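Here's the structure we're looking at; comments come further down.
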Amino acid sequence: MKKILLFLFSVILNINVYSQSCTSTVFYDNMETFTWFGDWWLYNFSNYYTNFSVSPTTSAVHYGSGTSTSGIEQDWYSLPVINNLNPNYTYKVKFRLASYTVTSPTATTRGVDTDDYIQVQLSRNGGTYVTEMTIRGFSNQTWNYSATGIASKTANGTNTIYQRTTGGLRADGFSTIELTLQPSTTSVAIDIYMRCNSAGEEFWIDNVELIETITTPTISITGNNSICDGESTSLTASGGQNYVWNNGITNGVSFIPSSTTSYSVTGTNVGMINGVGTRNTCSSTSSSTITVKPTPNTPTLFRDTTICPESFTTILGSSNIGTIQWYDAATSGNLLGTGTSYTTPILSNNTSYYAQSELNGCVSPRSSVSVTMALNCALPIYLTSFDGDNEGRVNKLKWITEQEINSSHFEIQRSKDGYTFESIGIVDAINFNPYIFFDESAFVGNNYYRLKMWDNDQTYNYSDIIVLYADYEIESKVYPNPFNDSITYTYYSETFEDLDIMVFNVMGQLVYFEHKNCQTCSNIVSIDLSKLVSGTYKLVIKHKTTGYQLNQSIIKN
């Protein structure tokens, strides 16, 4: 009745005893409180004493009362079967052991001898018990709970004997007893058998524990960790029993990341339900970063076009990022080429071409452009060659024709970017080879040229595009320098110019900006800088038409 009352009280006191560590006590019998209800089998020279204990205030004690020639006095401290152990984990039965002489402190037979011993008897099936450990006395030995000796083994079905071979009070007496149960154990019951036969021979036990060691999970993560913007992926953790992810995702379930993000998961192995109805756990964390790559926009293709049968054309495209890939079908199909332009083969029928943009494996939707065959069309001009040379500020264009049938004229077109063209001149088709045209206002940098070849019936066709690079200095001057309130900028250019005028201080900060349309300024520009404080500045003048840029230091008095 005493232990039953103590047990009801202990449920409240010990709810928080069990930590969330990987090695935890799942059942215990501290005599005064317990979740593993052990008790004496016979109460034959056995009881509970409060003189000494590990946890206050009670120990279970078996003692002798006879002489060395009297009968054996024995009993079992029995701990009932516990089922549902996790076969993947290791368990340990542990208790504390001492030998005092409280019952007969002056008896000449006090202290345990070789014939006095305890045995740890293990049952894995609730019925058959096997003696795994025997701890014997020797020549009237005694030891306290504070003794340093440890008797420890892994259960193997054979009896192991532990004995100190000198008598008296032993500081190294076996005070800690441990029996480890390897994985595959699902049930455990323990009998602690004790025997003595003389007055003053005693075995004391306290704090019996069943300890569970949960394997720390080693978490690995699988899944596609490099995707294109808008694609879904999933991350699957393994190595544990339960998983909790951050950022709101679920193990193995698809989701769509909005940007490159690191995801972490806590994997947990779960222990058995312990004596207070909770489970011990053991966790570890791993992480994975999903890289979200940008997907290019659908490329812009420059206009459907009409050509004469048995001729070809060049189609152009642009994309915000990536490389344009040209195909002969809306899906799948053959890759025809890459880049911002594609020159068709000689065509006889109406044909559609398709383009997509690709960057690091991320592909845009495709757009299309159509090349239509003109009816009753005769190719007015057949070009043998079209090329050119740069001569300072002038680009010289030259082309040769092989035939000119019903031809009208050549329209020379120029572009800064290869997409948007403007007409810069007309040359009549007079079957004169070679034709030559001088562009005397070429842009600084790349100049893209093509011929628009007109027939007398107002049909036309385009040549291939050529690129010429012009690198020249515009004759310019800034004066006075140093200056008081204003400066004058003069330059020589054969074209009307739009100018962006900027002044920066020594910190690189923009302190003056003005846009000038010099179609009316006669190449002489007055710049009012009267509001600037004295000091050194950097003057930058950008010619928007030709691309020329002036960079010069100026000093205000």
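Any idea how many residues of region 124-133 are buried (at least 17 other Cβ atoms within 10 Å of the Cβ) and at pLDDT 95 or above? The total comes to 3. Kindly check whether there is at least one residue in region 369-377 that is touching a residue at least 60 places away in the same chain (Cβ under 8 Å), closer than 22 Å to TRP399 by Cβ and assigned to a strand (DSSP E or B). No - not one qualifying residue is present in region 369-377.
When region 362-386 is filtered for residues that are charged (D, E, K, R) and loosely packed, with under 13 Cβ neighbours inside 10 Å, nothing remains.
One line per residue, one yes/no per condition, for (1) in contact with a Pro (Cβ under 9 Å, 6 or more places away or on another chain); (2) farther than 24 Å from SER152 by Cβ; (3) modelled with pLDDT under 95; (4) in a loop (DSSP other than H, G, I, E, B):
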{"site": "VAL61", "(1), (2), (3), (4)": "no, no, no, no"}
{"site": "GLY66", "(1), (2), (3), (4)": "no, yes, yes, yes"}
{"site": "GLY71", "(1), (2), (3), (4)": "no, yes, yes, yes"}
{"site": "TRP76", "(1), (2), (3), (4)": "no, no, no, no"}
{"site": "LEU85", "(1), (2), (3), (4)": "no, no, yes, yes"}
{"site": "LYS94", "(1), (2), (3), (4)": "no, no, no, no"}
{"site": "SER104", "(1), (2), (3), (4)": "no, yes, yes, yes"}
{"site": "ALA107", "(1), (2), (3), (4)": "no, yes, yes, yes"}
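The set of residues in region 385-411 being part of a strand (DSSP E or B) and either modelled with pLDDT under 85 or of a type in the set (Gly, Ala, Ser) (or both) consists of SER385, GLY388, GLU391, GLU402, GLN403, GLU404, SER407, SER408.
For region 401-417, the tally of residues that are surrounded by 17 or more Cβ atoms within 10 Å (Cβ to Cβ) and either more than 16 Å from TYR460 (Cα to Cα) or touching a helix residue (DSSP H, G or I) at 6+ places or on another chain (Cβ under 7 Å) (or both) stands at 2. Of all residues assigned to region 270-289, at least one qualifies as being exposed (fewer than 13 other Cβ atoms within 10 Å of the Cβ) and in contact with a Lys or Arg (Cβ under 6 Å, 6 or more places away or on another chain). Taking ASN505 as the residue in question, decide whether it is surrounded by 12 or more Cβ atoms within 10 Å (Cβ to Cβ), within 15 Å of VAL478 (Cα to Cα) and out of contact with any Pro (no Cβ under 6 Å at 6 or more places or on another chain). No, not satisfied. The set of residues in region 55-73 that are surrounded by 18 or more Cβ atoms within 10 Å (Cβ to Cβ) and of a type outside the set (Gly, Ala, Ser) comprises THR58, VAL61, HIS62, TYR63, GLU73.
Residue pairs whose Cβ atoms lie under 9 Å apart, sitting 6 or more positions apart in sequence or on different chains, and linking a residue in region 112-133 that is over 22 Å from GLN163 (Cα atoms) to a partner that is among the acidic types (Asp, Glu), are SER123/ASP191; TYR129/ASP191. Could we say that SER184 is exposed (fewer than 14 other Cβ atoms within 10 Å of the Cβ) and farther than 21 Å from THR58 by Cβ here? It is true that SER184 is exposed (fewer than 14 other Cβ atoms within 10 Å of the Cβ) and farther than 21 Å from THR58 by Cβ. For region 95-123, the candidate set comprises residues that are farther than 20 Å from ALA171 by Cα and not β-branched (Val, Ile, Thr); within that set, the residue that is surrounded by the fewest Cβ atoms within 10 Å (Cβ to Cβ) is ASP115.
Here region 430-465 is the region considered, the condition is being within 49 Å of the chain's Cα centre (by Cα) and modelled with pLDDT under 90, and the residue that is surrounded by the most Cβ atoms within 10 Å (Cβ to Cβ) is ASN447. When TYR460, TYR448 are checked against the criterion of being over 21 Å from GLN549 (Cα atoms) and of a type in the set (Phe, Trp, Tyr), TYR460 stands alone in meeting it. Do the conditions hold for SER530, that is, is it hydroxyl-bearing (Ser, Thr, Tyr), part of a loop (DSSP other than H, G, I, E, B) and at pLDDT below 85? No, not satisfied. Considering region 530-557 alone, what residues qualify as being of a type in the set (A, V, I, L, M, F, W, C), more than 18 Å from PHE443 (Cα to Cα) and buried (at least 18 other Cβ atoms within 10 Å of the Cβ)? Across region 530-557, the qualifying residues are LEU539, ILE554. When region 311-338 is filtered for residues that are among the small types (Gly, Ala, Ser), farther than 14 Å from THR298 by Cα and under 36 Å from the mean Cα position of the chain (by Cα), the ones remaining, listed by number, are SER332, GLY333, GLY337.
Scan region 461-476 residue by residue and report those that are touching a strand residue (DSSP E or B) at 6+ places or on another chain (Cβ under 6 Å) and without any contact (Cβ under 8 Å) to a residue 60 or more places away in the chain. VAL467 - this is the single residue of region 461-476 that is touching a strand residue (DSSP E or B) at 6+ places or on another chain (Cβ under 6 Å) and without any contact (Cβ under 8 Å) to a residue 60 or more places away in the chain.
From ALA147, ALA171, ALA155, ALA151, which residue is exposed (fewer than 13 other Cβ atoms within 10 Å of the Cβ) and either among the hydrophobic types (A, V, I, L, M, F, W, C) or closer than 17 Å to TYR193 by Cβ (or both)? Only one candidate qualifies: ALA171.
The values are calculated or read from the model by the stated rules, or taken from the named source; none is laboratory data. Note that the coordinates shown come from a computational prediction; the quantities given were computed from them, not determined experimentally. So basically every Cβ, Gly included, is an ideal-geometry build from the backbone, and we count neighbours across all protein chains shown.
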